[in-house]
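All remarks here apply to the structure that follows.
The values are calculated or read from the model by the stated rules, or taken from the named source; none is laboratory data. Note that the structure is predicted; figures quoted are calculated from it, not measured. With ideal geometry, Cβ positions are generated from the backbone for all residues, glycine too; neighbour counts draw on all protein chains shown. Areas reflect the complete protein model, heavy atoms only, side chains present, ligands, DNA and RNA absent. Shrake-Rupley method; radii C 1.70, N 1.55, O 1.52, S 1.80 Å.
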Amino acid sequence: QKVSVEVLEHLEHLALVDFRDAEGVERLQKAIQFADQLHEVNTDGVEPMDSVLEDRWCLYLREDNVTEGNCTKELLENAREKVEEYFVAPPGNIPLPKLEERETFLEGS
């Protein structure tokens, strides 16, 4: 299933993710194919849930114990993009090209 330029632009603005390269478009198409499998599931008579945990009265949380620290430099080495000492998130949160700039790319995908 092909993704139209209009849908691609809409998704980019919703998710703030850049799909301008072949890898990004291919990843999106695979995600759509994977999600399409949900249409095969028979949900007749199944009531919608507010939460997947709605049968639990409370969630049990563990204590938040710090075991390590002072590792900012090592953590930032994992960042695809960073500004000063901060991760840029989501990593695709970059200025997006205009619609007409992407049309030629999508023709080849």
All conditions in (1) open to solvent by 90 Å² or more (accessible area, probe 1.4 Å); (2) farther than 19 Å from residue 89 by Cβ; (3) over 23 Å from the mean Cα position of the chain (by Cα) are true of residue 73 except (2)
When the stretch 1-18 is checked residue by residue, the ones that are open to solvent by 60 Å² or more (accessible area, probe 1.4 Å), of a type in the set (A, V, I, L, M, F, W, C), under 21 Å from residue 88 (Cα atoms) and not in a loop (DSSP other than H, G, I, E, B) are 14
Filtering the stretch 19-58 down to residues that are charged (D, E, K, R), farther than 12 Å from residue 3 by Cα and at pLDDT 85 or above, which residue is most open to solvent (accessible area, probe 1.4 Å)? 40
